[in-house]
Amino acid sequence: MKEKDMEGGDIEFITPQGFEEGDKPRKMNLNIKTSCTRCGTCCANNSPVLLKDDLPLIISGALSYDSLYTIREGELMKSHDNETFEASMDFIKIKGKNGTAECIFYYGEAGCKIYENRPAQCRIFNCWSSHEELTGLEAKRLLRKELFDSAEVLLNIMDAHEKKCSYKKLTDVLERVAQGSEDAAAEIIDMLAYDTYARPFFQEKFNIPPNAMELILGRPMMDTIKEYGFKVEKNRDEYILLPIEKQEGK
Ligand code: SF4
Ligand code: SF4
(Lines give C-alpha, C1' and ligand atoms only; values in the text may rest on other atoms or scores of the structure.)
(Ligands and ions follow the chains in the order given, each with its own letter.)
Protein backbone atom coordinates (compact mmCIF):
# COMPACT_ATOMS: atom_id res chain seq x y z
CA MET A 1 0.00 0.00 0.00
CA LYS A 2 1.26 3.45 -0.89
CA GLU A 3 -0.24 6.40 0.95
CA LYS A 4 -0.44 9.58 -1.09
CA ASP A 5 -2.36 12.09 0.98
CA MET A 6 -4.36 11.19 4.08
CA GLU A 7 -5.69 14.74 4.56
CA GLY A 8 -6.85 15.12 1.00
CA GLY A 9 -8.44 11.71 1.08
CA ASP A 10 -6.71 10.12 -1.95
CA ILE A 11 -5.01 6.88 -1.09
CA GLU A 12 -3.29 4.70 -3.66
CA PHE A 13 -3.77 1.02 -3.02
CA ILE A 14 -2.20 -1.96 -4.65
CA THR A 15 -5.15 -4.27 -4.83
CA PRO A 16 -5.23 -7.95 -4.04
CA GLN A 17 -7.46 -8.47 -7.07
CA GLY A 18 -4.69 -9.41 -9.46
CA PHE A 19 -2.12 -8.01 -11.76
CA GLU A 20 -2.09 -5.94 -14.88
CA GLU A 21 -0.15 -7.23 -17.85
CA GLY A 22 3.03 -8.84 -16.77
CA ASP A 23 3.67 -8.82 -13.07
CA LYS A 24 2.73 -5.17 -12.46
CA PRO A 25 0.21 -5.00 -9.60
CA ARG A 26 -3.11 -3.33 -10.42
CA LYS A 27 -3.73 -0.02 -8.63
CA MET A 28 -6.94 1.32 -7.20
CA ASN A 29 -7.80 4.84 -5.97
CA LEU A 30 -10.08 5.16 -2.96
CA ASN A 31 -11.72 8.41 -1.99
CA ILE A 32 -11.99 8.62 1.77
CA LYS A 33 -14.89 10.87 2.79
CA THR A 34 -14.02 13.43 5.46
CA SER A 35 -17.05 15.70 5.18
CA CYS A 36 -20.61 15.65 3.89
CA THR A 37 -20.73 15.75 0.10
CA ARG A 38 -24.54 16.02 0.13
CA CYS A 39 -24.84 12.80 -1.84
CA GLY A 40 -28.28 12.18 -0.29
CA THR A 41 -27.76 8.52 0.54
CA CYS A 42 -28.78 9.00 4.18
CA CYS A 43 -31.80 11.10 3.12
CA ALA A 44 -32.95 8.33 0.76
CA ASN A 45 -32.43 5.63 3.39
CA ASN A 46 -34.26 7.08 6.34
CA SER A 47 -35.92 10.31 7.42
CA PRO A 48 -34.60 11.93 10.60
CA VAL A 49 -35.95 11.70 14.13
CA LEU A 50 -36.46 15.16 15.68
CA LEU A 51 -34.49 16.25 18.72
CA LYS A 52 -35.34 18.87 21.34
CA ASP A 53 -33.06 21.30 19.47
CA ASP A 54 -35.49 21.14 16.53
CA LEU A 55 -38.36 22.72 18.47
CA PRO A 56 -37.66 26.22 17.01
CA LEU A 57 -37.97 24.77 13.48
CA ILE A 58 -41.54 23.74 14.25
CA ILE A 59 -42.42 26.95 16.09
CA SER A 60 -41.11 29.05 13.20
CA GLY A 61 -43.03 26.96 10.65
CA ALA A 62 -39.85 25.80 8.86
CA LEU A 63 -41.11 22.30 9.64
CA SER A 64 -44.88 22.15 9.17
CA TYR A 65 -47.15 19.80 11.11
CA ASP A 66 -48.06 17.87 7.98
CA SER A 67 -44.42 16.98 7.32
CA LEU A 68 -44.18 15.21 10.68
CA TYR A 69 -45.62 12.17 12.40
CA THR A 70 -45.27 10.41 15.72
CA ILE A 71 -44.09 6.88 16.23
CA ARG A 72 -45.75 5.74 19.45
CA GLU A 73 -44.07 3.70 22.17
CA GLY A 74 -44.28 -0.02 21.40
CA GLU A 75 -45.17 0.53 17.73
CA LEU A 76 -43.61 -1.87 15.24
CA MET A 77 -41.60 -0.19 12.54
CA LYS A 78 -39.11 -1.07 9.84
CA SER A 79 -35.49 0.01 9.79
CA HIS A 80 -33.97 1.15 6.48
CA ASP A 81 -32.63 -2.39 5.99
CA ASN A 82 -36.15 -3.81 6.50
CA GLU A 83 -35.63 -5.14 10.02
CA THR A 84 -38.76 -4.93 12.18
CA PHE A 85 -38.37 -3.49 15.65
CA GLU A 86 -40.49 -2.12 18.48
CA ALA A 87 -40.14 1.58 19.31
CA SER A 88 -38.81 1.86 22.86
CA MET A 89 -40.38 5.31 23.31
CA ASP A 90 -42.48 7.93 21.53
CA PHE A 91 -40.61 10.00 18.97
CA ILE A 92 -41.28 12.37 16.08
CA LYS A 93 -40.02 11.78 12.56
CA ILE A 94 -40.14 13.60 9.25
CA LYS A 95 -42.51 11.72 6.94
CA GLY A 96 -41.27 9.42 4.20
CA LYS A 97 -42.23 9.69 0.52
CA ASN A 98 -45.16 7.51 -0.59
CA GLY A 99 -44.87 5.12 2.31
CA THR A 100 -41.11 4.62 1.87
CA ALA A 101 -38.38 5.58 4.33
CA GLU A 102 -37.03 8.29 1.97
CA CYS A 103 -37.30 11.76 3.52
CA ILE A 104 -40.04 13.89 1.89
CA PHE A 105 -37.62 16.82 1.67
CA TYR A 106 -35.09 14.93 -0.43
CA TYR A 107 -35.28 15.92 -4.10
CA GLY A 108 -32.65 13.74 -5.73
CA GLU A 109 -30.00 15.78 -7.50
CA ALA A 110 -31.56 19.01 -6.24
CA GLY A 111 -30.82 17.74 -2.70
CA CYS A 112 -32.54 18.77 0.51
CA LYS A 113 -35.40 21.24 0.08
CA ILE A 114 -34.93 22.56 3.62
CA TYR A 115 -31.14 22.33 3.84
CA GLU A 116 -30.72 25.60 5.78
CA ASN A 117 -33.40 24.45 8.22
CA ARG A 118 -32.62 20.73 8.30
CA PRO A 119 -33.09 18.99 11.65
CA ALA A 120 -30.27 18.50 14.15
CA GLN A 121 -29.85 14.81 13.37
CA CYS A 122 -29.11 15.63 9.71
CA ARG A 123 -26.49 18.15 10.82
CA ILE A 124 -24.69 15.84 13.20
CA PHE A 125 -24.82 12.58 11.24
CA ASN A 126 -21.44 11.73 9.71
CA CYS A 127 -21.72 8.71 7.44
CA TRP A 128 -17.92 8.45 7.25
CA SER A 129 -17.43 8.14 11.02
CA SER A 130 -18.02 5.37 13.55
CA HIS A 131 -21.37 7.04 14.43
CA GLU A 132 -20.31 7.95 17.97
CA GLU A 133 -22.11 11.25 17.37
CA LEU A 134 -25.41 9.32 17.48
CA THR A 135 -24.76 7.87 20.93
CA GLY A 136 -27.11 9.21 23.60
CA LEU A 137 -29.48 10.91 21.16
CA GLU A 138 -32.49 9.01 22.57
CA ALA A 139 -32.46 11.23 25.65
CA LYS A 140 -32.50 14.30 23.40
CA ARG A 141 -35.49 13.26 21.32
CA LEU A 142 -38.34 15.72 21.06
CA LEU A 143 -41.56 14.23 22.45
CA ARG A 144 -45.05 15.13 21.21
CA LYS A 145 -46.01 15.99 24.80
CA GLU A 146 -43.16 18.52 24.96
CA LEU A 147 -44.18 20.01 21.65
CA PHE A 148 -47.76 20.54 22.82
CA ASP A 149 -47.09 21.02 26.54
CA SER A 150 -49.06 24.27 26.73
CA ALA A 151 -52.14 22.77 25.07
CA GLU A 152 -53.82 20.85 27.88
CA VAL A 153 -56.65 19.66 25.68
CA LEU A 154 -54.19 17.96 23.32
CA LEU A 155 -52.39 16.29 26.23
CA ASN A 156 -55.74 14.95 27.44
CA ILE A 157 -56.58 13.67 23.95
CA MET A 158 -53.22 11.87 23.77
CA ASP A 159 -53.81 10.27 27.17
CA ALA A 160 -57.35 9.16 26.31
CA HIS A 161 -56.18 7.72 22.99
CA GLU A 162 -53.23 5.95 24.58
CA LYS A 163 -55.43 4.47 27.30
CA LYS A 164 -57.82 3.05 24.72
CA CYS A 165 -55.37 1.91 22.06
CA SER A 166 -51.73 1.84 23.12
CA TYR A 167 -49.42 -0.48 21.16
CA LYS A 168 -48.67 -2.32 24.39
CA LYS A 169 -52.38 -3.14 24.66
CA LEU A 170 -52.55 -4.08 20.96
CA THR A 171 -49.62 -6.49 21.37
CA ASP A 172 -51.22 -8.12 24.43
CA VAL A 173 -54.58 -8.55 22.69
CA LEU A 174 -52.90 -9.92 19.54
CA GLU A 175 -51.32 -12.62 21.66
CA ARG A 176 -54.83 -13.67 22.71
CA VAL A 177 -55.94 -13.58 19.06
CA ALA A 178 -53.09 -15.96 18.26
CA GLN A 179 -54.49 -18.30 20.92
CA GLY A 180 -57.84 -18.27 19.07
CA SER A 181 -59.80 -15.85 21.27
CA GLU A 182 -62.76 -14.35 19.37
CA ASP A 183 -63.27 -11.80 22.13
CA ALA A 184 -59.74 -10.59 21.54
CA ALA A 185 -60.39 -10.13 17.80
CA ALA A 186 -63.47 -8.06 18.65
CA GLU A 187 -61.39 -6.00 21.09
CA ILE A 188 -58.93 -5.18 18.32
CA ILE A 189 -61.71 -4.11 15.98
CA ASP A 190 -63.02 -1.90 18.79
CA MET A 191 -59.57 -0.41 19.28
CA LEU A 192 -59.09 0.29 15.56
CA ALA A 193 -62.58 1.76 15.27
CA TYR A 194 -61.83 4.12 18.17
CA ASP A 195 -58.56 5.19 16.55
CA THR A 196 -60.34 5.76 13.22
CA TYR A 197 -63.36 7.68 14.47
CA ALA A 198 -61.68 9.60 17.33
CA ARG A 199 -59.44 11.47 14.86
CA PRO A 200 -62.15 13.41 12.96
CA PHE A 201 -64.15 13.74 16.18
CA PHE A 202 -61.30 15.40 18.11
CA GLN A 203 -60.35 17.42 15.09
CA GLU A 204 -63.79 18.93 14.75
CA LYS A 205 -64.59 19.26 18.45
CA PHE A 206 -61.36 21.00 19.38
CA ASN A 207 -60.67 22.73 16.07
CA ILE A 208 -57.39 20.89 15.49
CA PRO A 209 -55.77 21.28 12.07
CA PRO A 210 -56.35 17.98 10.22
CA ASN A 211 -52.71 17.86 9.10
CA ALA A 212 -51.58 17.68 12.76
CA MET A 213 -53.39 14.44 13.64
CA GLU A 214 -50.53 12.07 12.76
CA LEU A 215 -48.27 14.17 14.93
CA ILE A 216 -50.70 14.22 17.86
CA LEU A 217 -51.99 10.62 17.72
CA GLY A 218 -49.43 8.84 15.52
CA ARG A 219 -50.16 6.92 12.35
CA PRO A 220 -53.67 5.50 11.84
CA MET A 221 -53.83 2.01 13.34
CA MET A 222 -55.78 0.76 10.31
CA ASP A 223 -52.47 1.30 8.46
CA THR A 224 -50.03 0.11 11.11
CA ILE A 225 -51.94 -3.12 11.88
CA LYS A 226 -50.33 -4.65 8.76
CA GLU A 227 -46.95 -4.54 10.55
CA TYR A 228 -48.51 -7.10 12.92
CA GLY A 229 -49.58 -9.39 10.05
CA PHE A 230 -53.25 -8.36 10.00
CA LYS A 231 -55.61 -6.26 7.96
CA VAL A 232 -59.17 -5.11 8.46
CA GLU A 233 -61.89 -5.47 5.83
CA LYS A 234 -65.37 -4.02 5.88
CA ASN A 235 -68.31 -6.34 5.24
CA ARG A 236 -71.46 -4.21 5.11
CA ASP A 237 -71.42 -2.46 8.51
CA GLU A 238 -69.04 -4.93 10.07
CA TYR A 239 -65.27 -4.81 10.30
CA ILE A 240 -63.39 -8.11 10.18
CA LEU A 241 -59.82 -8.75 11.28
CA LEU A 242 -57.94 -10.99 8.82
CA PRO A 243 -54.44 -12.41 8.89
CA ILE A 244 -52.64 -11.06 5.82
CA GLU A 245 -50.99 -14.40 5.01
CA LYS A 246 -54.30 -16.30 4.98
CA GLN A 247 -55.95 -13.64 2.82
CA GLU A 248 -53.20 -13.65 0.24
CA GLY A 249 -52.79 -17.41 0.23
CA LYS A 250 -49.21 -17.32 1.45
S1 SF4 B 1 -23.91 12.41 5.56
FE2 SF4 B 1 -22.93 11.04 4.09
S3 SF4 B 1 -24.63 9.85 3.18
FE4 SF4 B 1 -25.50 11.69 4.16
S5 SF4 B 1 -25.60 13.23 2.52
FE6 SF4 B 1 -23.64 13.55 3.63
S7 SF4 B 1 -22.16 12.37 2.46
FE8 SF4 B 1 -24.18 11.62 1.83
S1 SF4 C 1 -34.25 16.95 6.11
FE2 SF4 C 1 -32.91 17.27 4.35
S3 SF4 C 1 -30.89 16.61 5.06
FE4 SF4 C 1 -32.39 15.74 6.46
S5 SF4 C 1 -32.88 13.70 5.68
FE6 SF4 C 1 -34.39 15.13 4.84
S7 SF4 C 1 -33.56 15.73 2.85
FE8 SF4 C 1 -31.86 14.85 4.04
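The values are calculated or read from the model by the stated rules, or taken from the named source; none is laboratory data. A quick note: this is a predicted structure, and the numbers were derived from the prediction, not measured. Ideal geometry is used to build each Cβ from the backbone, glycine not excepted, and the neighbour counts take in all protein chains shown.
Quick notes
- Members of segment 129-148 found to be away from ligand 1 (no atom under 16 Å from the Cβ) and either without any contact (Cβ under 8 Å) to a residue 12 or more places away in the chain or assigned to a loop (DSSP other than H, G, I, E, B) (or both), listed by number: THR135, GLY136, ALA139, LEU142, LEU143, PHE148
- When segment 23-61 is limited to residues that are more than 16 Å from ILE104 (Cα to Cα), of a type in the set (Val, Ile, Thr) and within 16 Å of ligand 1 (Cβ to nearest atom), the one that is modelled with the lowest pLDDT turns out to be ILE32.
- When we screen LEU192, LEU241, LEU217 for residues that are surrounded by 14 or more Cβ atoms within 10 Å (Cβ to Cβ) and more than 23 Å from the chain's Cα centre (by Cα), the only hit is LEU241.
- Residues located in segment 119-129, provided they are within 15 Å of ligand 2 (Cβ to nearest atom) and closer than 11 Å to CYS36 by Cβ: CYS122, ARG123, ILE124, PHE125, ASN126, CYS127
- Residue match in segment 201-209 (condition: surrounded by 14 or more Cβ atoms within 10 Å (Cβ to Cβ) and under 22 Å from GLY74 (Cα atoms)): no
- Test result for GLY229, under 16 Å from GLU73 (Cβ atoms) and touching a residue at least 12 places away in the same chain (Cβ under 8 Å): no
- Single condition GLU7 does not satisfy, out of (1) surrounded by 14 or more Cβ atoms within 10 Å (Cβ to Cβ); (2) at pLDDT below 65: (1)
- Residues of segment 112-128 that turn out to be outside any loop (DSSP other than H, G, I, E, B) and within 11 Å of ligand 1 (Cβ to nearest atom), as a count: 6
Yes/no per residue for (1) free of Cβ contacts under 8 Å to residues at least 24 places away in the same chain; (2) within 10 Å of ligand 2 (Cβ to nearest atom):
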| site | (1), (2) |
| --- | --- |
| CYS36 | no, yes |
| CYS43 | no, yes |
| SER67 | no, yes |
| GLU73 | no, no |
| LEU76 | no, no |
| ASN82 | yes, no |
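- Just one of the listed residues (ASN211, ASN156) is assigned to a helix (DSSP H, G or I) and closer than 23 Å to GLY96 by Cα, and it is ASN211.
- Residue-level check: of (1) within 28 Å of ASN211 (Cβ to Cβ); (2) more than 16 Å from ligand 2 (Cβ to nearest atom); (3) charged (D, E, K, R), GLU132 misses just (1).
- Residue match in segment 100-111 (condition: out of contact with any Cys (no Cβ under 8 Å at 6 or more places or on another chain), polar (S, T, N, Q) and more than 15 Å from ligand 1 (Cβ to nearest atom)): yes
- Yes/no for ASP53 being under 21 Å from PHE148 (Cα atoms), over 16 Å from the mean Cα position of the chain (by Cα), charged (D, E, K, R) and not in a loop (DSSP other than H, G, I, E, B): yes
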